[in-house]
1. Of the conditions (1) open to solvent by less than 30 Å² (accessible area, probe 1.4 Å); (2) at pLDDT below 90, VAL114 satisfies every one except a single condition; which number is it?
2. Quick check on the stretch 169-185. Is at least one of its residues open to solvent by 10 Å² or more (accessible area, probe 1.4 Å), polar (S, T, N, Q) and in contact (Cβ under 8 Å) with a residue 40 or more places away in the chain?
3. Taking into account only those residues within the stretch 70-88 that are of a type outside the set (D, E, K, R) and over 21 Å from ALA37 (Cβ atoms), which is modelled with the lowest pLDDT?
4. Can you name the condition, by its number, that ARG3 falls short on among (1) within 20 Å of the chain's Cα centre (by Cα); (2) within 17 Å of GLU109 (Cα to Cα); (3) open to solvent by 30 Å² or more (accessible area, probe 1.4 Å)?
5. Hey, any hits in the stretch 132-146 for a residue that's in a loop (DSSP other than H, G, I, E, B) and either modelled with pLDDT of 85 or more or at positive phi (or both)?
6. Could you list, in sequence order, all residues of the stretch 39-68 that are touching a Leu at 6+ places or on another chain (Cβ under 9 Å) and among the hydrophobic types (A, V, I, L, M, F, W, C)?
7. Just for the stretch 186-211: of the residues that are in a helix (DSSP H, G or I) and of a type in the set (Ser, Thr, Tyr), which one is most open to solvent (accessible area, probe 1.4 Å)?
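The values are calculated or read from the model by the stated rules, or taken from the named source; none is laboratory data. Not measured: the values here are computed from a predicted model. With ideal geometry, Cβ positions are generated from the backbone for all residues, glycine too; neighbour counts draw on all protein chains shown. All accessible areas refer to the heavy atoms of the entire protein, side chains included, with ligands and DNA or RNA removed. Shrake-Rupley method; radii C 1.70, N 1.55, O 1.52, S 1.80 Å.
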Amino acid sequence: MIRLLLVDDQTLVRAGFRSILDGEDGIEVVGEAAEGAEAVRLARQLRPDVVLMDIRMPGLDGLAATAQIVGSSDARVIILTTFDLDEYVYGALRAGASGFLVKDTEPAELIHGVRVVARGDALIAPSITRRLIAEFAARAGHPDPGPRLSVLTEREREVLALVAAGLSNDEIAARLVLSPATAKTHVSRIMTKAAARDRAQLVILAYESGLTVPGWLTRS
């Protein structure tokens, strides 16, 4: 059972998400919060698996709340934003969010997103992946490979670059002529070596280290 916490300062928005999610097999909405400080408290008290987090709220905003929740629990955070280029999205992913969705996401995509994040994968709405990657690169400044990249093998760096390009394990396997199980093993090892919670953090690592740049896959 996926335990879910809803965080949004609008009562009707929370009610809408609850009506979609609470009736799904394997998903239970265990709590609701209207602002960030309450979300942090409930996350510690209720121990949800996934938190749907509004990013713009009075008081403690979604960015700060995400950092506190990720830093003090095993909960995974999906950021909810009205606009697909919300200025805080980059910071939220750096704070440890596992991905984000725009609020007008279709119900089926919302349900799928909760399940994806609950099993440990990253979630980025398809309509904004390329622009988000460009934002990563623009804000990364001077690339710094750092120690996390230096511990990876050449093959693991190849896999990391493909993860950053948004490829699934099956797509990585096909491109590198590997079995899907081998591709999955490589991704798991990279996450362990890089001390990354999920694939979203691997994307950040790849771009901030200079391992990859926007558009490289389409040019290769």
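1. (2)
2. no
3. Looking at the filtered set, the residue picked out is LEU85.
4. Among (1) within 20 Å of the chain's Cα centre (by Cα); (2) within 17 Å of GLU109 (Cα to Cα); (3) open to solvent by 30 Å² or more (accessible area, probe 1.4 Å), ARG3 violates only (2).
5. Yes.
6. ALA39, VAL40, LEU42, ALA43, LEU46, VAL50, VAL51, LEU52, MET53, ILE55, listed by residue number.
7. THR192
To keep it simple, each residue is scored yes or no on (1) of a type in the set (A, V, I, L, M, F, W, C); (2) in contact with a strand residue (DSSP E or B) (Cβ under 7 Å, 6 or more places away or on another chain); (3) within 23 Å of ALA200 (Cβ to Cβ).
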{"site": "MET1", "(1), (2), (3)": "yes, yes, no"}
{"site": "ASP8", "(1), (2), (3)": "no, yes, yes"}
{"site": "ARG41", "(1), (2), (3)": "no, no, no"}
{"site": "VAL70", "(1), (2), (3)": "yes, yes, yes"}
